[in-house]
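Worksheet: the structure to be examined is printed underneath.
The values are calculated or read from the model by the stated rules, or taken from the named source; none is laboratory data. None of these values were measured; they are calculated from a predicted model. FYI the Cβ positions are ideal-geometry reconstructions off the backbone, even for glycines, and counts take in every protein chain you see. The accessibility values were calculated without ligands, DNA or RNA, using every heavy atom of the protein model including side chains. Shrake-Rupley method; radii C 1.70, N 1.55, O 1.52, S 1.80 Å.
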Amino acid sequence: MDIFITPTPNRQHQHRLTTMLYDKREHPPLSALFIIRFPHISSNISNTAKYNIITSQFHRYIRIILWRKDFVYRLAALLRDLSSKQYDMERMQQQIRRLGHKHPGLYGDCTYTLITEVITELDGLNLVTHS
């Protein structure tokens, strides 16, 4: 994955530097390849290790992504991908809430609002079919 850096104007029309992830696998020619990114829930590893994917990716995203909208999208996409591998959605959402509470004020807002945005984004992603 690459990091995309862009100046973004804020409400006071000042520019600030933002970063977002650029995943080469989302665009041709790599988008046509079948790539296994995460283990299936039935894999022969512990459930703790499987669900810790969320923790590791959450920390990776907050270190790299400065643009809130991209953070919300990436986290929702992660939950969608894991859900397609039969991970328990309620358990994943609880884990996201716990992680959010450990980082109050993340992206300048309360945790509840941020997590609600992730869930809303996830609902939108489920409407789109991905192969």
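For region 83-131, taking the residues that are assigned to a helix (DSSP H, G or I) and among the small types (Gly, Ala, Ser), the one that is modelled with the highest pLDDT is identified as 83. Filtering region 34-49 to residues that are more than 25 Å from residue 24 (Cβ to Cβ) and out of contact with any Lys or Arg (no Cβ under 8 Å at 6 or more places or on another chain) leaves 42, 44, 45, 46, 47, 48, 49. Screening the candidates 2, 23 for the property of being open to solvent by less than 30 Å² (accessible area, probe 1.4 Å) and at pLDDT below 95 yields one hit, 23.
Would you please name the residue that is nearest to residue 17 (Cα to Cα), looking only at residues in region 30-58 that are within 10 Å of the chain's Cα centre (by Cα) and not aromatic (Phe, Trp, Tyr)?
So the residue we want is 57.
Here region 46-77 is the region considered, the condition is being of a type in the set (Ser, Thr, Tyr) and closer than 21 Å to residue 108 by Cα, and the residue that is least open to solvent (accessible area, probe 1.4 Å) is 61.
Residues of region 78-107 that are buried (at least 16 other Cβ atoms within 10 Å of the Cβ) and of a type in the set (A, V, I, L, M): 78, 79, 82, 92, 96, 99, 106.
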